[in-house]
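The values are calculated or read from the model by the stated rules, or taken from the named source; none is laboratory data. As the structure is a prediction and not an experimental result, all values here were calculated from the model. With ideal geometry, Cβ positions are generated from the backbone for all residues, glycine too; neighbour counts draw on all protein chains shown. We work out accessible area using only protein heavy atoms, side chains counted, and drop any ligands, DNA or RNA first. Shrake-Rupley method; radii C 1.70, N 1.55, O 1.52, S 1.80 Å.
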Amino acid sequence: MTLVVVLVALLLVVATTTWHYEVLRVLGPRIAHLHVRPRVRLLLVLFGCLFAHAVEIGMYAVAAHQLAHAGIYGRFVEEASPTWWRAWYYSAETFTSLGYGDELLEGPVRLLSGIECLNGLLLIGWSVSYLHMAMLRFWPDRVRERE
């Protein structure tokens with residue numbers, strides 16, 4: 001049972017990292033060629049990153065929901081059949097390392113939590129780095145001089 005959870009977790013790391021790479025790869029050139037203000041470009045980069053993270057959280061939520069729903073890999077504490085929204089909230093809380101702890105998994109599926117948190121931190125850090133590079137690229141020189 002634990003092997004299935006480990007394989008699912010590794011698959012999710014590969015899938016979310018590939019998805020994140022592709023979103024950022026597509027964002028850069030497309031936004032650079034838009035004839036809009038630098039502020040709008042930066043907002044588009046920001047919302048692109050947020051969209052990428054929302055999809056990544058959704059991937060983990062689907063996995064947690066399906067593994068918990070199967071019953072043999074674990075379950076959500078205090079609920080017989082988890083809802084999609086509960087799984088998505090749990091995943092968002094874990095991915096961002098918010099850690100309220102009001103949604104918990106038990107059983108082998110708990111391993112997914114630690115891997116999701118580590119993966120989320122790395123992908124969020126990647127987004128922050130990308131946003132910083134976008135600011136350096138798109139921010140007008142006159143704005144940087146005033147700061």
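When you filter the GluC sites (Glu not before Pro) in region 26-101 for DSSP loop state and at most 16 other Cβ atoms inside 10 Å of their Cβ, you are left with Glu78, Glu79. Give me the percent of accessible area attributable to carbon and sulfur for the chain, probe 1.4 angstrom. Here carbon and sulfur together make up 68 percent of the probe-accessible area. Helices assigned as whole DSSP H runs in the chain whose Cα atoms extend at least 18 Å along their own long axis and whose mean Kyte-Doolittle hydropathy is 1.0 or higher are found at 2-32, 38-70, 111-138. Summed over the residues of the chain and divided among them, the accessible surface reaches 61 Å² per residue at a probe radius of 1.4 Å. GNM remark for the chain: springs join alpha carbons under 10 Å apart, and the peak mean-square fluctuation among Val55, Val26, Val128 falls on Val26. Computed per residue of the chain from DSSP H runs no shorter than four, each worth -39500 (n - 2.57), the mean residue ellipticity at 222 nm is -26000 deg cm²/dmol.
Put a plus charge on the Cβ of each Lys and Arg, a minus charge on the Cβ of each Asp and Glu, and nothing anywhere else: the dipole of the chain about its Cα centre is then about 840 debye. Size descriptor for the chain, Kirkwood hydrodynamic radius: 16.6 Å (Cα pairs only, one decimal).
Summary value for the chain: 30 percent relative contact order, contacts being C-alpha pairs under 8 angstrom separated by 6+ residues.
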